[in-house]
Amino acid sequence: MKLSQLVSEYIAFKHALGVRFQTEARILKAFSRAMGDVESIEVEPSAVHAFLAGKGVVTGFWYEKFGVLARFYRFLMIRNYVDSIPLLKTMPKRPEPMKPYIYTLEELRRLLAATDRLQSPWSPLRAHTIHTLILTLYSTGLRIGEALSLTLADVNLLESLIMVRSGKFFKTRLVPIGPQLTETLRSYVQRRRKLPCPQGEDSAFFATRSGNALTYDQARKVFPILRKLAGIYREKEARYQP
């Protein structure tokens with residue numbers, strides 16, 4: 001049976017159990033594409049190793065991919081789709097865990113001030129989006145994914161409430177916000193309305209110049225630029241998050 005078919009079957013099986021299975025599904029689909037149009041029994045251990053290794057150093061994501069593939073192949077073994085599991089017998093050394101970096105109030109002020117330098121005539125909302133996003137994260141304790149998933153309907157400025165849908169453990173919760181953040185969010189919405197962005201209730205709250213939702217990758221890439229503009233430098237050898 002084709003590997004791609006078994007990947008689809010496994011993902012459907014997990015969804016039928018009520019598991020969200022989003023990250024795992026992306027990993028398995030990427031694995032299927034990397035292996036090509038092959039039968040499940042034709043997958044070579046060397047090809048699996050190359051997929052796990054990727055192009056950089058070993059990170060925590062290596063172990064996440066390994067775990068997803070190990071569970072997938074156990075599923076195949078139980079159903080007699082394969083006779084063996086083409087995974088490594090020995091594991092590489094785990095990398096040092098990420099260190100949380102605690103920004104001082106002065107550093108936070110410099111980060112916020114530096115967002116002004118992101119302003120561009122080609123992306124008139126960018127500086128305001130990043131500025132408002134940082135304040136929202138700092139003031140509410142939302143996870144970055146939760147903040148980026150907010151829609152216009154989720155931010156109730158009249159009641160000073162933010163609705164976080166399907167957060168950790170897939171639960172929805174209400175987050176109260178203070179008057180200063182409420183005014184900051186209201187100002188951002190007013191700026192947003194002046195641009196040709198989607199204005200429907202289901203539209204992304206934190207939007208790009210095209211009106212699409214700001215993605216995690218976009219936010220992650222702009223943050224080192226912002227730190228440099230703010231003159232915030234950390235140990236070069238340390239692995240910090242963010």
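The values are calculated or read from the model by the stated rules, or taken from the named source; none is laboratory data. These numbers were taken from a predicted model, which means no experiment stands behind them. Cβ sites come from the backbone with ideal geometry, for glycine too, and all protein chains shown count toward neighbours.
Values as computed for the structure displayed
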| quantity | calculated |
| --- | --- |
| Within the stretch 137-149, considering residues that are in contact with a strand residue (DSSP E or B) (Cβ under 7 Å, 6 or more places away or on another chain) and touching a residue at least 40 places away in the same chain (Cβ under 8 Å), the one nearest to Val189 (Cα to Cα) | Leu148 |
| Looking only at the stretch 16-46, and only at residues there that are loosely packed, with under 13 Cβ neighbours inside 10 Å and farther than 20 Å from Met1 by Cα, the one that is farthest from the chain's Cα centre (by Cα) | Ser46 |
| Every residue from the stretch 61-112 that is touching a Lys or Arg at 6+ places or on another chain (Cβ under 8 Å), farther than 18 Å from Phe223 by Cβ and surrounded by 13 or more Cβ atoms within 10 Å (Cβ to Cβ) | Tyr63, Ile85, Pro95 |
| Residue check, Val19 outside the structural domain of Gly145 (by TED's automatic domain parsing), of a type in the set (Val, Ile, Thr) and closer than 29 Å to Ser166 by Cβ | yes |
| Flag for Leu118 being modelled with pLDDT under 90, surrounded by 14 or more Cβ atoms within 10 Å (Cβ to Cβ) and either in the same structural domain as Gln218 (by TED's automatic domain parsing) or of a type in the set (A, V, I, L, M) (or both) | yes |
| Count - residues of the stretch 148-164 that are out of contact with any Asp or Glu (no Cβ under 9 Å at 6 or more places or on another chain) and either under 15 Å from Thr129 (Cβ atoms) or of a type in the set (Ser, Thr, Tyr) (or both) | 5 |
| From the options Glu9, Glu42, residue that is at pLDDT below 95, more than 30 Å from Ile134 (Cα to Cα) and not assigned by TED's automatic domain parsing to the domain that holds Leu137 | Glu42 |
| Tally, over the stretch 186-239, of residues that are of a type in the set (D, E, K, R), in contact (Cβ under 8 Å) with a residue 12 or more places away in the chain and part of a helix (DSSP H, G or I) | 5 |
